[in-house]
Structures are given as C-alpha cells and as structure tokens.
Amino acid sequence: MPGTLYIVATPIGNLGDITLRALDTLRQVDFIAAEDTRVTLRLLNHFEIRKPLVSYYEQNSVESGEKILSRLLAGESCALVSDAGTPAISDPGRALVSLCAENGVEVFSLPGACAAISAVALSGLDVARFCFEGFLSTAKRTRRERLGELSQERRAIVIYEAPHKLRATLDDLCECFGEERRCAVCRELTKLHEQTLRTTLGQARKYFAENEPRGEFVLVISGSDGGGDKPTLEQALALARSYREDGLSASEAARRAAGDTGLPRGAIYRELVRE
Ligand code: SAM
C-alpha cells in the first residue's frame, strides 16, 4: 500500500508558529523532502527532530520527484517542506503533489504560516475576495503588461516582492493603478521588525524612496472600484512612453497602452506623437 505525502507549512520567521501537528508529522514520517536541506536542518535541530532529508527544489523537481514517488509507492511516508511558509505557494511543491495524485498516493496539507494570508488579514482592506499574483515577472515589459491587465481587477491583489525590487514595483504600480489606490505594505511578518503600512500606492512609493526597503515584503492592493479609479489618459501615456523606451513604435506602444487601460488608442497615439 502506498505511503502518504504531507505538505507541511513551517514558520515564516517566528518559530513559535510551527503547529503541533507539523511537529508530530515531522517526527513520524520516514523522510522529509526539503527545498534547502540546510535551512530545514536548522529547524529540525531547534525542535530536536532527527530525520533523513532529501532535497526537492524547482531545478531538480523532475528527477527528485520521481525518486520521492517511488519511495512513497513502496510504502514510505514523506513530509514536504519549503524554506518558510506553505510549500507550493510561490515555492516548490506543485509538481510533486500532482505526481502523487496521478499515481494514487494520498496527499494531505497541514495548514500553517503563509505570508500571503497573514498580509491579507492584516491589510484592513476589503478582502472579501482577493487574488494571489505571487512574484511579478522580472521582465519589465511583461510585468507592466500584467499590471495593465490587473488595473481593473475588482478583487484585492496580493503580490510577493523582494526588497531590492520594491521601489521599481511601487513605481510600476503607481503608473498602472494610480497613486491614489489604497494598499497595505507588510514587511517582516512575524519577525522582530514587523511593520504594516496601510496607505496609498503614492504614499508607499514616497515612504520607500526615503527609507531603504529591508526584509521580506507582501503587498496587498485594493481592488478597482470599477469607476472612480479608471486609468487616466496620463497613466495610459506613461505606459505608452515606457513601451517606447522598450523600443516599440509609437503606434504599437499606443495600441498596447490602449489594451492595458481600455482607453482609446487614437487619443493615446495623438498625445504620444505630440511630445
Ligand atoms: N511559501 C511561502 C509562503 O507560504 O508565504 C512564500 C515563499 S516565497 C519564495 C518568499 C516570499 O514570501 C518573500 O519574497 C516575501 O514576499 C514573502 N514572505 C515570506 N516570508 C515573509 C515574511 N516574514 N514577511 C513578509 N513577507 C514574507
């Protein structure tokens, strides 16, 4: 009879956030599949757990996934952990879960820390409905295109961001969503320097222009109200200008900015060529 895969959430900063069930499971499984075995070893040492570890990360997911699967099919049980938080949420795990499901191995998820969920709860925004974007693309054009598509999203939007990219992301967000859009910038959740700014995108940009972004960040951005914050011609023009900087012709830049914002291509084009 096949064994079981347990998806085990681990703390995102405060070790007190590990659950009793996570500790029991880590003690009871035959082995642990870890994103980075050194990080997981520190966690296990802290809780005095000794257990064989195998590494499972994005780049070895095919090869390592097959090996884990064959052990599961042979009856062993495995806990999957990432460096912090919930595996498979902007972390390795998805492929292993689907491999197990396809091969009749049972999978259970043990709930626990997840930076996105803590930030949503902390945001104070209308999060009755929200969507998770995870990390935005690092390619400037792809990122702006995605933000253009999201500018009319009615649900709150959750974004993960690294500190060295936060300023550029806030610039892009101001451009695509407008400076007045409300947001929560959550930093270093559950850690000593935890901080949540509940403000507007414009104010957040100003704050982090004056204060070096340090630590880990989650952004929660209020959904579009479907009217009052429709993109302005000025925002569409800013988008078109950035497409021009990427080397697109004025006509193609205007066409894309029109697609992103829903504003008429002709109006954007006329303003763009007038500059
Ligand atoms: N699987 C994890 C989870 O459940 O939250 C997310 C892993 S992802 C590789 C790492 C990103 O999550 C960071 O870049 C940051 O955006 C966010 N994050 C993780 N820990 C955080 C914390 N303590 N405070 C704020 N954001 C955090």
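For the reader, a short list of remarks on this structure follows.
- Flag: Lys67 matches the condition of being more than 23 Å from Pro111 (Cβ to Cβ) and modelled with pLDDT of 95 or more.
- Exclusive hit being at pLDDT 95 or above, outside the structural domain of Thr10 (by TED's automatic domain parsing) and in contact with a strand residue (DSSP E or B) (Cβ under 8 Å, 6 or more places away or on another chain), set Ser123, Ser82, Ser90, Ser109: Ser123
- Of the residues in the range 200-211, not one is open to solvent by 30 Å² or more (accessible area, probe 1.4 Å), among the acidic types (Asp, Glu) and assigned to a loop (DSSP other than H, G, I, E, B).
- Among (1) in contact (Cβ under 8 Å) with a residue 60 or more places away in the chain; (2) open to solvent by 70 Å² or more (accessible area, probe 1.4 Å), the one test that Ala184 misses: (2)
- Applying the criterion of being surrounded by 19 or more Cβ atoms within 10 Å (Cβ to Cβ) and of a type in the set (Gly, Ala, Ser) to the residues of the range 1-59, the residue that is farthest from Gly93 (Cα to Cα) is Gly13.
- A residue that is within 10 Å of the ligand (Cβ to nearest atom) and open to solvent by less than 20 Å² (accessible area, probe 1.4 Å) occurs somewhere in the range 123-144.
- Within the range 72-87, residues that are more than 17 Å from Arg42 (Cβ to Cβ) have Cβ atoms under 8 Å from residues that are more than 10 Å from the ligand (Cβ to nearest atom) and of a type in the set (Lys, Arg) in these pairs: Cys78/Arg71, counting only partners at least 6 apart in sequence or on another chain.
The values are calculated or read from the model by the stated rules, or taken from the named source; none is laboratory data. All figures in this text were calculated on a predicted structure; none of them were measured in a lab. All Cβ positions, even for glycine, are placed from backbone atoms using ideal geometry, and neighbour counts span all protein chains on display. Quick note on the areas: whole protein, heavy atoms, side chains included, nothing else; ligands and nucleic acids left out. Shrake-Rupley method; radii C 1.70, N 1.55, O 1.52, S 1.80 Å.
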